[in-house]
Amino acid sequence: MLTSHVSLTILKIEAKEEFWPLKHPFRISRGSCTEAHVIVASVTEGEYTGRGEGVPIARYNQSAATVLAQIESIRSVRDLNRDNLQQLLPPGAARNALDCALWDLEAKRSGKRVWELADIPTVDQVETAFTISLDTPGRMASAATAAVLLPILKLKLGGDDADRARVEAVRAAASNARLLIDANESWSPEHYRKTLPALAELGVELIEQPFSVGDDEVLGTLDHPIPICADESCHTTADLPCLKSRYEVINVKLDKTGGLTEALQLCHRAREDGFKMLIGCMVCTSLSIAPARLLAGNADFVDLDGPLLLTRDRDHGLLYQNERIGMPVRDVWG
């Protein structure tokens, strides 16, 4: 168990919502958006301020108002630290923003980087997938053509009869790309059985969350010629026991775990249980990606493309070159 090394007795906690326009509308099976809507928390002690970013997720009944209210609810807590934060707030965007702000604060106080404090092995660059949002086969093919030099494409699918055509169109447009797909809970078992052979022939390497949470026990009865990844079904270490017979991979997102602290525990436990890992993100800025980037060096799949979807990122954002992500600089986080 990683513990905080400092006791923070007088903290100034602030939070605000921000909107970051996207280059193009982003669509999944549940809906679409045209901007990234994030909450930024700052935690100050004396001359040092740490920051963290969380993304309210409507799928889990979160909104900017509920996230800000959760952060407000602990502003008067004395001796707030990463350890007691885990009990004060549930997993989600509010705890994520505060947890990452506390890590950033400790890094600034100590003069060390977060990966040094947490003893996380680092890799200078990692390769990330680039997401092509749900659309017609033709439009998804056009998006793939625009990204033809990128090594890994992640396709959002919708659970309808056009799914196979979408993947075929993207494969034709980007013949050398590795393909991952994400159904966002939109499939039925019948659709899975009908679609899977074609996806295997097209070289798809991963299928993310085909069935809705609560209906995914059927995965224990189905063949898995392509590894299946739990996203909506996996938030924290508490979810792992029921996933063992259903999934080969878990998607670790800090907005689901409620921050880097629990994410480190989840990664450790998942490896012990034999799961592979995908490190993912919401549509967000580099302030969200920076702590997740620390986990990517030991991941089997990386999907940290949130800033690439924005019209512009934060100043001092992470450096993306040919879909390889560098390490965060101090000016952004950690």
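The values are calculated or read from the model by the stated rules, or taken from the named source; none is laboratory data. Everything numeric in this text was worked out from a predicted model, so none of it was measured. Every residue, glycine as well, gets a Cβ built from its backbone with ideal geometry; the counts of neighbours run over all protein chains shown. Heavy atoms of the whole protein, side chains included, go into the accessibility calculation; ligands, DNA and RNA do not. Shrake-Rupley method; radii C 1.70, N 1.55, O 1.52, S 1.80 Å.
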Candidate set: the stretch 169-182, residues that are over 12 Å from L157 (Cα atoms) and either free of Cβ contacts under 8 Å to residues at least 24 places away in the same chain or not aliphatic (A, V, I, L, M) (or both); chosen: the one most open to solvent (accessible area, probe 1.4 Å)
N176
Just to be sure before I move on: is D239 out of contact with any Gly (no Cβ under 8 Å at 6 or more places or on another chain), surrounded by fewer than 20 Cβ atoms within 10 Å (Cβ to Cβ), assigned to a helix (DSSP H, G or I) and among the acidic types (D, E) in the structure I sent?
yes
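Residues in the stretch 60-82: is at least one open to solvent by less than 40 Å² (accessible area, probe 1.4 Å), closer than 30 Å to G159 by Cα and touching a residue at least 40 places away in the same chain (Cβ under 8 Å)? Give the derivation first.
The initial filter retains those residues of the stretch 60-82 that are open to solvent by less than 40 Å² (accessible area, probe 1.4 Å), namely 62, 64, 67, 71, 74, 80-82.
Now restrict to residues that are closer than 30 Å to G159 by Cα: 62, 64.
Still in the list and also touching a residue at least 40 places away in the same chain (Cβ under 8 Å): 64.
Yes, because at least one residue in the stretch 60-82 is open to solvent by less than 40 Å² (accessible area, probe 1.4 Å), closer than 30 Å to G159 by Cα and touching a residue at least 40 places away in the same chain (Cβ under 8 Å).
Of the residues that sit in the stretch 17-62 and are touching a Cys at 6+ places or on another chain (Cβ under 9 Å) and of a type in the set (F, W, Y), which one is nearest to L105 (Cα to Cα)? Show your work before the answer.
Looking only at the stretch 17-62, we keep the residues that are touching a Cys at 6+ places or on another chain (Cβ under 9 Å), and these are 20, 22, 25-27, 36, 38, 41, 50-55.
Filter once more, keeping what is of a type in the set (F, W, Y): 20, 26.
Numbers: W20: 24, F26: 33 Å.
It comes out as W20.
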I'm trying to understand the selection: among the residues of the stretch 139-159, which are touching a residue at least 12 places away in the same chain (Cβ under 8 Å) and charged (D, E, K, R)?
K154, K156
Under 9 Å by Cβ, and 6 or more places apart or on different chains, what pairs join a residue from the stretch 184-205 that is in contact (Cβ under 8 Å) with a residue 40 or more places away in the chain with one that is part of a helix (DSSP H, G or I) and not polar (S, T, N, Q)?
N184/R59; E185/R59; E185/D216; S186/D163
Only unsatisfied item for L117, checking (1) touching a residue at least 40 places away in the same chain (Cβ under 8 Å); (2) over 30 Å from V77 (Cα atoms); (3) open to solvent by 10 Å² or more (accessible area, probe 1.4 Å); (4) touching a helix residue (DSSP H, G or I) at 6+ places or on another chain (Cβ under 9 Å), is (2)
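Suppose we filter S73, S110, S63 for residues that are modelled with pLDDT of 95 or more and under 25 Å from L295 (Cα atoms); which single one remains? Spell out the reasoning first.
Details: S73 fails: under 25 Å from L295 (Cα atoms); S63 fails: under 25 Å from L295 (Cα atoms).
Of the residues listed, the single one that is modelled with pLDDT of 95 or more and under 25 Å from L295 (Cα atoms) is S110.
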May I ask you to list pairs of residues, at least six apart or on different chains, whose Cβ atoms are under 6 Å apart, with the first in the stretch 282-311 being closer than 19 Å to E232 by Cα and the second being among the hydroxyl-bearing types (S, T, Y)?
V302/T128; L304/T128; D305/T128; D305/T131
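What are the residues in the stretch 320-330 that are of a type outside the set (S, T, N, Q), in contact with an Asp or Glu (Cβ under 9 Å, 6 or more places away or on another chain) and surrounded by fewer than 19 Cβ atoms within 10 Å (Cβ to Cβ), if any? First the steps, then the outcome.
Filtering the stretch 320-330 for residues of a type outside the set (S, T, N, Q) gives 320, 323-330.
Retained after the next criterion (residues that are in contact with an Asp or Glu (Cβ under 9 Å, 6 or more places away or on another chain)): 320, 323-327.
Selection gives R324, G326.
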Can you name the condition, by its number, that G50 falls short on among (1) modelled with pLDDT of 95 or more; (2) within 19 Å of the chain's Cα centre (by Cα); (3) open to solvent by less than 60 Å² (accessible area, probe 1.4 Å); (4) not hydroxyl-bearing (S, T, Y)?
(2)
Within the stretch 228-243, which residues are over 13 Å from F275 (Cα atoms) and of a type in the set (G, A, S)?
S233, A238
Counting only residues that are under 24 Å from the mean Cα position of the chain (by Cα) and assigned to a helix (DSSP H, G or I), how many does the stretch 161-180 have?
4
If I ask for residues that are free of Cβ contacts under 8 Å to residues at least 40 places away in the same chain, polar (S, T, N, Q) and open to solvent by less than 30 Å² (accessible area, probe 1.4 Å), which ones from the stretch 221-236 would you list?
S233
Mind listing whichever residues of the stretch 201-219 are assigned to a helix (DSSP H, G or I), open to solvent by 50 Å² or more (accessible area, probe 1.4 Å) and within 23 Å of D300 (Cα to Cα)?
E201
